[in-house]
Structure formats: C-alpha cells, structure tokens
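Bear in mind these aren't lab numbers, they're just calculated from the coordinates by the rules spelled out. Keep in mind the model is a prediction, meaning the values are calculated, not measured. Cβ atoms come from the backbone with ideal geometry, glycine included; neighbour counts cover every protein chain shown.
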Amino acid sequence: MILDKINPNDLFPTEQIESSVLGKMAYPMNGEIKIFEAAYVATNERLILNVDMAGEFYYRNIGYNEIQNVKLTEEALDITFEIGTFTLKDFNYEEAEQFVDYIQNK
C-alpha cells in the first residue's frame, strides 16, 4: 500500500498534490494502542489522511479550515482538529517541514 501517493483519478479535476509526509501513527483499538503506517497528503483543496490499519485501507478527507493547530518537532508532527490531536512519528523531517510550511499557508 502506497500511502503518501494518490491516484490522479481519485483527485478532483481542479486538484493537485502539493506535499505529503509518511510516518507512523498510534491509534487506540479495542483497548490497546496500535501503531500503523500513515500519511498526510496535502492537495491544493484538502488534506487527506491515509492509514494502513493492519492491511485495511482507511482514509479521511479533511478541510483546511478544520485544522486548529500544527506543531512539528524532530520526533513528532502533531495536528490538532476539533476531534483531537493526531500525532505522526518516524517521518522524514525535511518532508515534514515542507508539508507543515504548505498547510500553514493554506
């Protein structure tokens, strides 16, 4: 599963990929915290979260207006939404910096 790339046929006709960051995301399932491979993909129109949940593909479309806060350190990328904060770890820091620069200017 390639999480940090989007099939061009799945994009809106006016949409293009601008930046992405691939890493690991913790997610509570059945009382346990599981670690999954995940990616944020920023397009010119929306933010997409893709997650490989033990072989099951999960994605979420997120409007840029839903982002409340973004914090990047060398260890973690925290993006806060109304429903909570999602933390990505084990990522390429330079890719994460470019991604954060893009979404903070949306």
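Observations, loosely collected:
- The slack in the chain from D10 to E56, taken as 0.36 nm per residue of separation less the alpha-carbon distance, amounts to 14.8 nm.
- In the chain, helices alone account for a calculated mean residue ellipticity at 222 nm of -3500 deg cm²/dmol, with every DSSP H run of four or more residues adding -39,500 (n - 2.57).
- Dipole magnitude for region 8-104: computed about the Cα centre from +1 point charges on Lys and Arg Cβ and -1 point charges on Asp and Glu Cβ, it is near 260 debye.
- The packing ranking of peptides 89-95, 5-11, highest mean first, is 89-95, 5-11, where packing means the average number of other beta carbon atoms within 10 angstrom of each residue.
- Contact order normalised by residue count of the chain, Cα under 8 Å, 6+ apart, percent: 24 percent
- Distance between modelled label sites at D101 and E32, nm, 7 Å Cα→Cβ extension: 4.0 nm
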